[in-house]
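Below you'll find the structure, written out as structure tokens, and then a few comments.
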Amino acid sequence: MAKSSSIAFVYPNSPRERKHGPSGYKDVQSFRPWLRDEFDFRCVYCLKRESWGTAKEGFDIEHFVSSMVAPDKRLSYSNLVYACHECNLRKGSTSVNDPFECCTANNIALLENGMLVGLSRNARLIIAVVALNSPNMIRWRLLWMQIVELAQTHDFELLNQLLAYPHNLPDLTALTPPRNEKPEGVNDSHYARKRNGDLPASYIV
Ligand SMILES: [Zn+2]
């Protein structure tokens, strides 16, 4: 089966480094605006976008190393990822390697039939644990591949909407985390880029 050229699900290039480094918050939800920005408003595992559903209810803050195994990492930014509710549920309390590093174009390929192929052991583990190749997930992925392809051929405005950033980009400069290891990261946030006229209307990766 050939690799898909669909632009609906393009995993980020690697290596990646986190832009932000807030710490000292006493609750997980305070990390949400940082994680939304860090993970480009998409689920780190399946790449579902906020703009494809009702974002507020649809996305969770996920611990890739389970809090049951490492309670000390419960409020550690580097152990938190942005994931859709369904992926978070399916992963449950199983620990995996950092998806920020593993869920990348070097590690995961999309096939024309909607299946994902793990190109590394860690990526294969994540695909299995999060059940990214379940019949439901493949159906869902194929549907969106077709919707995006249709828009790509027939309706450029719709394509831009499907691949657009959300309207409510978080202004990270207005936040005051107790500590921030990477304070310069806010200048590279989507909000700051939009303010500087530097943010494209839509994004593929
Ligand atoms: Zn997901």
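The values are calculated or read from the model by the stated rules, or taken from the named source; none is laboratory data. Being a predicted model, the structure only gives us computed values, none of them experimental. Using ideal geometry, Cβ is built from the backbone for each residue, glycine included, and neighbour counts are taken over all protein chains shown. Note: accessible area is taken over every heavy atom of the protein model, side chains too, but ligands, DNA and RNA are not part of it. Shrake-Rupley method; radii C 1.70, N 1.55, O 1.52, S 1.80 Å.
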Item to complete: Using amide H atoms built 1.01 Å from N in the peptide plane, name the residues 5+ places from Ser4, or on other chains, whose amide H lies under 5 Å from its own.
Response: Leu110, Leu111, Glu112
Worksheet entry | Charge dipole of the chain about the Cα centre (unit charges at C-beta), most positive-ward option of Ser95, Leu119, Phe156 | Ser95
Fill in: the range 133-205: C-alpha gyration tensor shape, a/c 1.5 cut-off, then a/b vs b/c
oblate
Worksheet item: What are the ³J(HN,Hα) values, in whole Hz, obtained from phi via the Karplus relation 6.51 cos²θ - 1.76 cosθ + 1.60 with θ = phi - 60°, for each residue of the range 176-192 in sequence order, with x given for Gly and Pro?
Response: 10, x, x, 9, 8, 5, 10, x, 6, x, 4, 5, 9, 6, 4, 4, 5
Worksheet item: With every protein chain present, what is the per residue accessible area of the range 22-166 (1.4 Å probe, Å²)?
Response: 45
Fill in: Estimated vicinal HN-Hα couplings, Hz - the range 161-166 in sequence order (Karplus 6.51, -1.76, 1.60; Gly, Pro = x)
5, 5, 10, 7, 6, x
Worksheet item: With charges only on Cβ, +1 for K and R and -1 for D and E, what is the dipole size of the range 30-143 about its Cα centre, in debye, rounded to 20?
Response: 240
Response to the item:
Of every Cα-Cα pair in the range 1-96, the percentage lying beyond 20 Å is 39
Worksheet, complete the sentence: Under 5 Å from the placed amide H of Lys48, counting only residues 5+ away or on other chains, we find Cys43
Fill in: Local electrostatic count at Gly185 - Lys and Arg +1, Asp and Glu -1, tallied over other residues with Cβ under 11 Å
-3
Practice prompt. Could you please tell me the mean projected area of the C-alpha convex hull for the chain, averaged over all directions and given in square nanometres to one decimal?
Written response: 11.5
Worksheet entry | Total charge dipole magnitude, the chain, about the Cα centre, Cβ charges on Lys, Arg, Asp, Glu only, Debye to nearest 20 | 380
Worksheet, complete the sentence: Scoring the range 22-166 by relative contact order with C-alpha pairs under 8 Å, at least six apart, yields a percentage of 22
Worksheet entry | Mean shadow area of the range 67-157, taken as a quarter of the surface of its Cα convex hull (nm²) | 7.3
Worksheet item: Over 22 Å between Cα atoms, which of Lys26/Lys48; Lys19/Lys73; Lys91/Lys182; Lys73/Lys182; Lys19/Lys194; Lys26/Lys182 qualify?
Response: Lys26/Lys48; Lys91/Lys182
